[in-house]
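Q: The structure follows.
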Amino acid sequence: MKKFFRLAVILALPVFLAACATKSGFEPYAVTAKETTDLQPKTYQLTKVALKLGGDTATPLYPDQAALEKRFFDELQVALKQQSLEGRRYELQVSVNWGRRLIGGSDSSEPRDIFSSAVCQFESNILEKGVVLATDAGDPLNANSLVYDQKNFLNNLKRIKDSISRSGDPESEVRELKRCVELLVERLPR
């Protein structure tokens with residue numbers, strides 16, 4: 001039994017070392033260009049946010065696409081600063097497909113001015129001198145993973161409360177936007 005254990009350790013050691021050596025320093029992002037082992041603290045200069053608004057048509061009380069894009073950019077700047085990730089080491093470019101969901105939906109005769117939920121499908125790229133090094137994508141507000149399920153539990157309860165009480169308003173949408181930004185920044189490599 002001891003020989004088997006020693007053999008298992010001897011075989012496992014090179015596999016472990018190889019796994020450590022292949023890390024790019026950009027996990028959980030997928031590396032798309034040259035591999036890097038730059039393990040120094042990473043900082044990001046937000047150079048672009050492109051937001052495309054879709055989903056249900058809202059009343060003028062809700063921000064339009066340009067206003068939402070500016071708000072997303074501003075919130076992302078604040079979040080980077082709060083997490084001490086703001087700097088000039090890498091460029092950060094984010095594109096977002098924002099899906100607005102209102103009570104009643106698009107095929108209902110009800111007034112659709114009560115916010116229900118949002119879809120925040122994003123793609124985030126980390127660049128160095130114009131070359132994309134790593135990319136990440138997803139919808140953290142609606143993700144089905146253990147990482148996000150627990151973090152979205154309270155947010156989902158707020159969504160349900162807004163829907164049942166019919167109290168969702170433009171500020172509810174801003175809360176969802178901030179939540180998406182928060183989870184996006186959380187995924188940035190440190």
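Q: Give me the percent of the accessible area of segment 40-90 that comes from carbon and sulfur atoms, probe 1.4 Å, all protein chains in place.
A: Answer for segment 40-90 is 50 percent, counting heavy atoms of protein chains only.
Q: If you don't mind, there's one more thing I want to ask. So for the pair Ala30, Glu86, with labels modelled 7 Å out along Cα→Cβ, what separation do we get in nm?
A: 3.2 nm
Q: Ala137 to Val78: extension gain in nm, 0.36 nm per residue of separation minus the Cα-Cα distance? Mind showing how you got there, number by number?
A: Values: separation 59, 0.36 × 59 = 21.24 nm, distance 2.06 nm.
Extending this stretch completely gives an extra 19.2 nm.
Q: A follow-up question, please. Considering amide H positions built from the backbone, and no H for Pro or chain starts, which residues 5 or more places from Gln121, or on another chain, come under 5 Å of its amide H?
A: Amide H neighbours of Gln121, under 5 Å, 5+ apart: Asn97, Gly99.
The values are calculated or read from the model by the stated rules, or taken from the named source; none is laboratory data. Note that this is a predicted model, so its numbers are computed, not measured. Don't worry about glycine lacking a Cβ; one is built from the backbone with ideal geometry, like all the others, and counts go over all protein chains shown. With ligands, DNA and RNA removed, areas are computed over all heavy atoms of the protein, side chains included. Shrake-Rupley method; radii C 1.70, N 1.55, O 1.52, S 1.80 Å.
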